[in-house]
Structure formats: structure tokens, C-alpha cells
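Remarks on the structure that follows.
The values are calculated or read from the model by the stated rules, or taken from the named source; none is laboratory data. The shown structure was predicted, so the numbers you read here are calculated from the model rather than taken from an experiment. Cβ sites come from the backbone with ideal geometry, for glycine too, and all protein chains shown count toward neighbours. These area figures cover heavy atoms from the full protein model, side chains too; ligands, DNA and RNA do not enter into them. Shrake-Rupley method; radii C 1.70, N 1.55, O 1.52, S 1.80 Å.
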Amino acid sequence: MSRIAFIFPGQGAQKTGMGKDFYEKYPASARVFEQVSYWLDLDMPQLCFEENDKLDLTEYTQAALLTACLAMEKAAEEYGLIPEVTAGLSLGEYCAIEAAGGISLKDAAVTVRKRGILMEQAVPAGKGSMAAVLGLTGLEIEKVIEKIGGVEIANYNCPGQIVITGEKAAVEMAAAQLKTAGARRVLPLKVSGPFHSSMMEAAGRKLEKVLETTEIQSLKIPYVTNVTAKYVTDPAQIRPLLARQISSSVRWQQSVEQMISAGIDTFVEIGPGRTLTGFIKKIDKNVRTFNIQTVEDLEKTAAEV
């Protein structure tokens, strides 16, 4: 029998139309869109399904992506797909915690909406940036950037792909030096701020205040946190980890390796895109990966897992 992990993508995976076929076919999925619309006073079907200029703005993106992913996850549960652990990349960690039972859908949506606004406002436009570094190890990158200052590692995604973050000028300087050090490519990311850097610490402190009023529940199953790449089973750890996560490195490769070492052999990515399954194939080719972003994907995955 497969040992399954549900995994959820982060900001950047969003796309127009995400979750629409689930909304139309599954009442449980439609309920997610309708409830979040009510709680946030936002038209989530319009935001997710129709072309608009808000979907790529952080303050809207995060709530929209969480809504679409969890609408798909509810359908997957109804189909009989049951994970034994969950994990998510950055924003996706909130989906993972909700799917693991640690937070209600309402509290996840409300908290993520506030998180998106805090992250959008944290650093003045143009002051920070991020870039994906291809072809170097984490250690090689760390050796280069430690001499520069103002630039840090945001994401350990998979072998050969690491994201740097920080002050715009520092990231640009690091990009040039990393190319000299042997990076195959350094690609600037289209983001609105230096996420997962120390420049986000003030936003983290504000988020901590938000989390103080968020009800945390007992976990039905563990999830793996970005901050330490370890299993979380104690709900008392959830608030401080989420507050730290906003300015800490996302240890995605290490999180996947942790789950594999614990016996997970099947990863089901729930949400738009195939980014995480792509990373996992580079981390370990021996595990099975599935992606659910359409109703057809769900039916196929349920038949094969």
C-alpha cells in the first residue's frame, strides 16, 4: 500500500482558472470557495477563474491560491485519498496545516489574507529582490554570498536549484559573482519583495500578533515545517514556526528527504502547476509523484495510487 504525502505549492503557482472544474463538479470544493468569499469579503470564484489584475498581487494571491488548493484537497479526500503527512512550500504550508487538522479553513484563510498584506507592505517596492540560482550547491552559494552581506538563501528547492533573496543591489552583485563561480544561470524572479529574508522580520513580528488570535487545533496527522524540515506533531509549535517562516529559508529539499527517510513513497501535489513534483524528481527518482490540478488529474491519481 502507498504511503502518501500531500504537498502544496507556494506563491507563483497561481493561474487563472485554477479550481474552476472542481468548483463546478464537487459540492465540497464549491463550499470552500463560497465560505472563503464570505469570510474575506472577496469574490474568490471571480478572482481565481476570471482574467483580472489582482491575482498576481501578493495581498490577493495568497488567499486565492490557498482557496483553490484546499478546494481541490477536499475533493481528493472525498475520493478516498488519505495522506499520512503533509507539507507545503512557503504559503503552501498553511494548506498543509489545514489538511493535517491543525487549523480551520476559516482561520487559515483569514491568517493568509493578513499574511499577504503584511508581506506586500513589508519592504518598499524596488528595495528587495529574489533570484533562482541554477547549477550550484547550497554550500557553494553560501560561500559566495557570505562575503557580500544583504543577501541570503530563500529556498533550498532541489539539487541544482536554490533561490537567493535580499537587498536588490546585493542580489544583483551576488548574481554576478555566482555566475563567475560556475552557476549555469541566475534568473531574477517576478516577486514583489525579498521574501524569506531578514528584511521580512518586521512582518514576521506582526504576523506573530495575528497568530496569537488564531485558534490552533490538535493535528490529525503530522506536517513538515519549512523552517526546520522536521515533522511537527505538537500543535504548540505551529504559531512560532509560522511566525519564523516568513523570514527563514524554505528547506524544501530537506523536507522531502525527511519524508522519504520516514517511509513516504508517494507524493501528491495538490494545486496549479507541477513545480513541486519537478523538484522531487530531482531529489529522488525512486518515489512516485502525482499532480492534481484538474478533475481529470484527481480521477487518474485516485485510480493509480
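What to note about this one:
- Count of residues meeting criterion [over 27 Å from Phe267 (Cα atoms), open to solvent by 40 Å² or more (accessible area, probe 1.4 Å) and under 19 Å from the mean Cα position of the chain (by Cα)] in region 200-243: 2
- Reported count of residues in region 171-194, each being open to solvent by less than 50 Å² (accessible area, probe 1.4 Å) and assigned to a helix (DSSP H, G or I), is 4.
- The residue list Thr58, Thr86, Thr67, Thr111 contains one member that is of a type in the set (Val, Ile, Thr), within 23 Å of Trp252 (Cβ to Cβ) and touching a Gly at 6+ places or on another chain (Cβ under 6 Å), which is Thr58.
- Output for region 101-128, where each listed residue is of a type in the set (Val, Ile, Thr) and touching a residue at least 60 places away in the same chain (Cβ under 8 Å): Ile103, Val110, Thr111, Val123
- Taken over region 129-166, the criterion of being small (Gly, Ala, Ser), over 14 Å from Arg184 (Cα atoms), touching a residue at least 24 places away in the same chain (Cβ under 8 Å) and touching a Gly at 6+ places or on another chain (Cβ under 8 Å) is satisfied by Ser129, Gly166.
- Residues that are in a strand (DSSP E or B) and either among the hydrophobic types (A, V, I, L, M, F, W, C) or more than 16 Å from Gly278 (Cβ to Cβ) (or both), drawn from region 143-160: Val151, Glu152, Ile153, Ala154, Cys158
- Failed item in (1) buried (at least 16 other Cβ atoms within 10 Å of the Cβ); (2) of a type outside the set (S, T, N, Q); (3) modelled with pLDDT of 95 or more, with Gly17 passing the rest: (1)
- In region 244-277, the residues that are closer than 25 Å to Ser129 by Cβ, open to solvent by 10 Å² or more (accessible area, probe 1.4 Å), in contact with a helix residue (DSSP H, G or I) (Cβ under 7 Å, 6 or more places away or on another chain) and not in a loop (DSSP other than H, G, I, E, B): Arg244, Gln253
- Subset of region 126-142 (residues that are surrounded by fewer than 16 Cβ atoms within 10 Å (Cβ to Cβ), more than 22 Å from the chain's Cα centre (by Cα) and not in a helix (DSSP H, G or I)): Gly126, Lys127
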